[in-house]
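Data block below; observations after.
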Amino acid sequence: MENNIILASQSPRRKQLMEMAELNFEVIIADVDETNPPGMPGDDVPEFLANKKASAIAHLVDNKIIIAADTVVLLDHHILGKPTDEQNAVDILTQLSGRMHKVVTGVCIVKGEKKVCFSVTTEVYFRKLTDVQIKHYIANYKPYDKAGAYAIQEWIGVTGIEKINGDYYNVMGLPIGEVINVLKTDFA
């Protein structure tokens, strides 16, 4: 089973989590338009995009398991995307400062006609961040490829996050424990 897994993601964090779980896999990047349909609730977007990514490469593989995922950061039901520049990163982290937000990862696992899609939500509570902390983090960690302008496993997570309710690895971009469970239950 494990030798037949394709990770449809270019995320280094998802790759790292798959490696930590000791899964044997290869990466095929799903090049898809990541725009969500107008009016779609933010909670539904990650699963929609994960399904889109899995479907985009399904024709490229035969009899292999495809794992695709997408993660969004939601603040007051609004999606905070990846920052476009330094000022946008400052704005995003300022909005998250002292507040709770949700990280939702949608996962779609496909093999042939069989498909299992699900979402996992984790609540993340930031301490009040100072302007100095925010600027230090952006200057030193350049979080431009990260939803919500941060990575929990980096300095900002260690110093700025008060607590989380839910799956830590989900905040990194892949609820790997649930992925393993679905692989064992539905694709063994």
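Of note:
- Residue in segment 112-126 that is of a type in the set (A, V, I, L, M, F, W, C), more than 18 Å from Asp167 (Cβ to Cβ) and buried (at least 16 other Cβ atoms within 10 Å of the Cβ) present: no
- Between Val32, Val61, Val90, the distinction of being β-branched (Val, Ile, Thr) and either at pLDDT 95 or above or touching a Gly at 6+ places or on another chain (Cβ under 9 Å) (or both) belongs to Val90 only.
- Residue satisfying condition, being among the aliphatic types (A, V, I, L, M), in contact with a helix residue (DSSP H, G or I) (Cβ under 8 Å, 6 or more places away or on another chain) and touching a residue at least 24 places away in the same chain (Cβ under 8 Å), within set Ile65, Ile57: Ile65
- Once segment 170-188 is narrowed to residues that are touching a Lys or Arg at 6+ places or on another chain (Cβ under 9 Å) and in a helix (DSSP H, G or I), the residue that is farthest from Leu7 (Cα to Cα) is Asp186.
- Restricting Ala139, Ala188 to those that are over 13 Å from the mean Cα position of the chain (by Cα), surrounded by fewer than 15 Cβ atoms within 10 Å (Cβ to Cβ) and modelled with pLDDT under 95 reduces the list to Ala188.
- Test for Ala54: is it in a helix (DSSP H, G or I) and either at pLDDT 90 or above or exposed (fewer than 13 other Cβ atoms within 10 Å of the Cβ) (or both): yes
- Of all residues in segment 137-156, those being in contact (Cβ under 8 Å) with a residue 12 or more places away in the chain and in a helix (DSSP H, G or I) number 9.
- Segment 9-33, subset touching a helix residue (DSSP H, G or I) at 6+ places or on another chain (Cβ under 6 Å) and closer than 21 Å to Ile79 by Cβ, residue surrounded by the fewest Cβ atoms within 10 Å (Cβ to Cβ): Val32
- Any hit, segment 82-96, residues being touching a residue at least 24 places away in the same chain (Cβ under 8 Å), among the β-branched types (Val, Ile, Thr), surrounded by 23 or more Cβ atoms within 10 Å (Cβ to Cβ) and out of contact with any Pro (no Cβ under 7 Å at 6 or more places or on another chain): no
- The one condition in (1) touching a Ser or Thr at 6+ places or on another chain (Cβ under 6 Å); (2) not in a strand (DSSP E or B) that Gly98 fails to fulfil: (1)
- Condition check for Val103: surrounded by fewer than 21 Cβ atoms within 10 Å (Cβ to Cβ), under 21 Å from Gly177 (Cα atoms), out of contact with any Lys or Arg (no Cβ under 6 Å at 6 or more places or on another chain) and β-branched (Val, Ile, Thr): no
- Within segment 66-110, considering residues that are under 25 Å from Ala50 (Cβ atoms) and charged (D, E, K, R), the one nearest to the chain's Cα centre (by Cα): Asp70
- Selected residue (only one of Cys108, Cys117 is touching a Gly at 6+ places or on another chain (Cβ under 8 Å), more than 26 Å from Tyr141 (Cβ to Cβ), part of a strand (DSSP E or B) and at pLDDT 95 or above): Cys117
The values are calculated or read from the model by the stated rules, or taken from the named source; none is laboratory data. Bear in mind that the values here come from a model prediction, so they are computed numbers and not experimental data. Note that each Cβ is placed from the backbone with ideal geometry, even for glycine, and that neighbours are counted across all protein chains shown.
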